[in-house]
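Enquirer: Got a structure here, written out as structure tokens. Questions coming.
The values are calculated or read from the model by the stated rules, or taken from the named source; none is laboratory data. What you see is a predicted model, and the numbers here were worked out from it, not measured in a lab. Note: ideal-geometry Cβ built from the backbone for every residue, glycine included; neighbour counts use all protein chains shown.
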Amino acid sequence: MYDRILLPTDMSAGIDQAIEHTLDAAERYSAELHILYVVDAEAYSSYPGDEYVHEFEGLESALEQAGTHAVEDIAQEAADANIPTVTEIRHGVPHEEILEYVDEADIGLTVVGSKNRSGEYRRMLGSVAERIAHMSERPVTIVKTSVEGE
């Protein structure tokens, strides 16, 4: 049913359940797993960067490096399960980059992790998963994880 499945990761707590769900789906459908991390341009462009000589370069580089490690870790889990993978690191606004990648790579299913947070939190900050689900023209599965203490 699905030839290519996308798992965007933001390295947040709770991504483990989305990874598990995605690996299971990729195995069931004999699908190629695409793993994407987006270095959030808004995160590093809003940072004053006083500690870094070259403005945003230090934080952007740190985010990219952390994302690369996260993507590699997931790709290794997939390899251990004999699931073929494609990895990608992008820079920009997360939901926009994810939706663009879905079209470019002809993704059949996108699996996103989402933390169950209070309505107030969501109203203030929004949700990348919510945006993807509402804006995507292709199937999206949201794997929810409870966040303790909220």
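Enquirer: List every residue pair whose Cβ atoms lie under 8 Å apart, where the two residues are 6 or more positions apart in sequence or sit on different chains, the first residue falls within region 70-90 and is among the hydroxyl-bearing types (Ser, Thr, Tyr), and the second residue, located anywhere, is assigned to a strand (DSSP E or B).
Expert: Partner pairs satisfying both residue conditions: Thr85/Glu32; Thr85/Leu33; Thr85/His34; Thr85/Ile35; Thr87/His34; Thr87/Ile35; Thr87/Leu36.
Enquirer: Mind listing whichever residues of region 1-39 are free of Cβ contacts under 8 Å to residues at least 60 places away in the same chain and basic (Lys, Arg)?
Expert: Across region 1-39, the qualifying residue is only Arg28.
Enquirer: OK, next. Applying the selection to region 71-104, what residues are out of contact with any helix residue (DSSP H, G or I) (no Cβ under 8 Å at 6 or more places or on another chain), part of a helix (DSSP H, G or I) and of a type in the set (A, V, I, L, M)?
Expert: Scanning region 71-104 gives Val71, Ala75, Ala79, Val102.
Enquirer: Inside region 22-50, can you point out the residues that are modelled with pLDDT of 95 or more and in a helix (DSSP H, G or I)? Spell out the reasoning first.
Expert: Quick first cut of region 22-50, residues modelled with pLDDT of 95 or more only: 22-38.
Once the filter is applied, which keeps residues that are modelled with pLDDT of 95 or more and in a helix (DSSP H, G or I), region 22-50 yields Thr22, Leu23, Asp24, Ala25, Ala26, Glu27, Arg28, Tyr29.
Enquirer: Also, I was wondering about something else. Which of the residues spanning region 75-122 are surrounded by fewer than 14 Cβ atoms within 10 Å (Cβ to Cβ), at pLDDT 95 or above and polar (S, T, N, Q)?
Expert: Within region 75-122, Gln76, Asn82 qualify.
Enquirer: Mind checking whether some residue in region 61-68 is within 18 Å of the chain's Cα centre (by Cα), surrounded by fewer than 18 Cβ atoms within 10 Å (Cβ to Cβ), modelled with pLDDT of 95 or more and not polar (S, T, N, Q)?
Expert: No, there is no match, as no residue in region 61-68 is within 18 Å of the chain's Cα centre (by Cα), surrounded by fewer than 18 Cβ atoms within 10 Å (Cβ to Cβ), modelled with pLDDT of 95 or more and not polar (S, T, N, Q).
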